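The values are calculated or read from the model by the stated rules, or taken from the named source; none is laboratory data. The structure displayed is predicted, hence computed values, not measured ones. A quick note on method: Cβ atoms are made from the backbone with ideal geometry, for glycine too, and the neighbour counts reach across all protein chains shown. The protein model used for the area step is the full one, side chains on, heavy atoms only, and it has no ligands, DNA or RNA in it. Shrake-Rupley method; radii C 1.70, N 1.55, O 1.52, S 1.80 Å.
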Amino acid sequence: MKLSFFITCLLFFTVNYVLAQTDSLTTKSFEELEKKFLSTYTNPAKAKKYVDALYIVAQKGTDKQRIAKALYRKGSIYSKLGNIEDAFSFAENSSIMAQELGNKTLVFQNYILKGNIYLTKGDYTKTIDFYLKAKSLAEERQNLTDILAMSYNIGLVKKQIGDYKGALEEFKQNLQKVKSLATTNQDRTEVINCLGISDTYLRMQQPDIAYVYICLLYTSPSPRD
């Protein structure tokens, strides 16, 4: 009985301490909280208190761009913490607002986030659907870096589900486009796509072709099919 009472008290004080922390943070500016959030982003448990406060502060103002951004950031952190349902809800609301505001960058980011959430749930069909939407938007914006990133992600998922032909198409298309990238990004993009191709051929039990692409990592130009 005493132990139960102690645990109840401990939980009560813990919850109130967390709430008090959030309340104190909401006195800070949006910029201050965003800076704190970005500095703690790699530690989701720590970043959560800042992103929760960020959203509260954003709601106090009239800037809908800030509210939409805060919702996206909440979705990202909640997803990392395993709170999948809330994370998707935040991403969905952020995406709707971003579309209304014409913020295509934020729409793109939310497509990726929703795809990542479905990937965590093991729903690969919906994952690819959202990645394709992100890729389509990147093509509309003529952002080659984003196009290549989404093609690569789609290739990885297709490889995971055994759609090896589809995966190879994504990786090889990337190799055709990579020369248009700035020099500093070419090598890394070529390497990861060659590795994707090589691994896919290994899964198809074609080690000879896989070996060719591994060898081509050390030569130039990139392989062209």
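Odds and ends about this structure:
- Relative to the dominant Cα principal axis of the chain, helix 2-25 is inclined by about 70°.
- Between VAL178, VAL212, VAL57, the GNM of the chain built on Cα springs shorter than 10 angstrom shows VAL212 fluctuating the most.
- Gaussian network model of the chain, Cα within-10 Å springs - most flexible of LEU54, LEU148, LEU175: LEU175
- Overall, the accessible surface of segment 49-136 at a probe of 1.4 angstrom is composed of carbon and sulfur to the extent of 47 percent.
- Within the shell defined by Cβ-Cβ distances under 13 Å, the residues around ASP63 carry a net charge of +2, with Lys and Arg each +1 and Asp and Glu each -1.
- Contact order relative to length of segment 31-154, as percent, for alpha carbon pairs under 8 angstrom and 6 or more apart: 15 percent
- The residues of the chain have, on average, 57 Å² of accessible surface per residue, using a 1.4 Å probe with all protein chains present.
- Angle between the chain longest axis and helix 164-177 axis [Cα atoms, degrees, rounded to 10]: 80 degrees
- Fraction in percent of alpha-carbon pairs per bin - 5 Å, the chain: 1, 7, 12, 13, 14, 12, 12, 9, 7, 5, 4, 2, 1, 0, 0
- Loop-exposed trypsin sites (Lys or Arg not before Pro) per DSSP, neighbour cap 16 Cβ within 10 angstrom, longest uninterrupted part of the chain: 29-140
- Potential lengthening between LYS28 and ILE209 on full extension [0.36 nm per residue; Cα-Cα distance subtracted]: 59.4 nm
- Inter-centroid distance (Cα atoms) of segment 20-99 relative to segment 101-176, Å: 24 Å
- Cross-link pairs exceeding 28 Å between alpha carbons, from the set LYS36/LYS126; LYS36/LYS80; LYS74/LYS159; LYS36/LYS179; LYS69/LYS172; LYS35/LYS159: LYS36/LYS126; LYS74/LYS159; LYS36/LYS179; LYS69/LYS172; LYS35/LYS159.
- Per-q log10 I(q)/I(0), segment 96-225, q = 0.10, 0.13, 0.18 Å⁻¹ (Debye; single scatterer per alpha-carbon; no solvent): -0.34, -0.56, -0.97
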